[in-house]
Number of protein chains: 2
Amino acid sequence: MSHFNPKTNRKFAIRAMKRSLETIEYKENTEALAKFAKALGHPTRIAILKHLESQSCCFTGDLVDVFPLAQSTVSQHLKELKNAGLIQGELKPPKIKYCINQDNWKIAKSLFQDFFD
Amino acid sequence: MSHFNPKTNRKFAIRAMKRSLETIEYKENTEALAKFAKALGHPTRIAILKHLESQSCCFTGDLVDVFPLAQSTVSQHLKELKNAGLIQGELKPPKIKYCINQDNWKIAKSLFQDFFD
DNA sequence: TTTGTTTATCGCCAATAGGCGATTGATTTT
DNA sequence: AAAATCAATCGCCTATTGGCGATAAACAAA
């Protein structure tokens, strides 16, 4: 089936257009995995997590010293890792000690494992 | 150490400001892992890869039928997966058959494995 | 109470991502 | 040669990301 576009003087295919306004239904693990992956999708955040793994825990300020980034930028990355559930902050006033969230870390680990067979 | 801001009538801390215009040096694997993770950071792309795993291979059109997304949108996701090296396209004119790129898949798998201990 | 220390948040900006319809280009089929 | 099929790309739009400096908020220390 085709139609004619007088403006361009060309044929064009009729296509059934779609709109994803009907929010897509994914299998449950799909979105969880994508969320973890997205949080890991920046080299600075990978590096932060590696640092937390080796140090077990650390303060925001420690990371600011490690990376050539503004304090606000580091804080923003920490926020994203926290929102994804990969880390957690413990108040040690006036500092905050960040650690890997072991429960979610295990979940993420197994989601990636399953995904890659 | 602190200074005084006459505009706001407040003290403020002096902070050594940083600029990351000096492009950051990460360990090699860090950026590779982040790149893979970024490509996996969208549920549609996860779903596409799961589909490719189960079917071994498929055409763009098949995916357009599976997802309630426009053909151009699906094509865009495929492009990103291809750029990340996770899939590859084989010409079967006039179609294109997409498959998992097994070599890079193995690399990604081991990077994630190592990362999660 | 004031000062200093530490971290989060705000406002701004530029760049990227994600979605779409329309179009193009390649290739088969008729 | 003409028509149909298929996938990539273009242009457009909006939303999100990533960076920064400045400010605010919380608390310890003096």
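When a/c is below 1.5 the answer is rounded, else prolate if a/b is larger than b/c, else oblate, so apply that to segment A:38-104 with a ≥ b ≥ c taken from the square roots of the Cα gyration tensor eigenvalues. Intermediate results must be reported in sequence, preceding the final value.
Details: a/c = 1.39, a/b = 1.03, b/c = 1.35.
Since a/c stays below 1.5, the shape of segment A:38-104 is classed as rounded.
Label-point spacing for A:THR73 across the identical copies (point 7 Å from Cα in the Cβ direction), in nm and ascending order: 3.3.
With label points set 7 Å from Cα along Cα→Cβ, the inter-copy distances at B:LYS97 are 5.7 nm, sorted shortest first. Measuring r between the beta carbons of B:ILE100 and A:LYS92 and using R0 = 45 Å, the FRET efficiency lands at 0.50.
Cross-linked pairs A:LYS106/B:LYS92; A:LYS109/B:LYS27; B:LYS35/B:LYS97; B:LYS27/B:LYS106; B:LYS27/B:LYS82: Cα-Cα separations exceed 30 Å for A:LYS106/B:LYS92. Between copies, B:HIS51 shows label-point distances of 4.0 nm, shortest first, with the point placed 7 angstrom from Cα along Cα to C-beta.
Values quoted throughout were computed directly from the atomic coordinates according to the rules given, and no laboratory measurement underlies them. This structure is a prediction, so every number in the text was calculated from the model and none was measured. Positions of Cβ are generated from backbone atoms using ideal geometry, with glycine treated the same way; all protein chains shown enter the neighbour counts.
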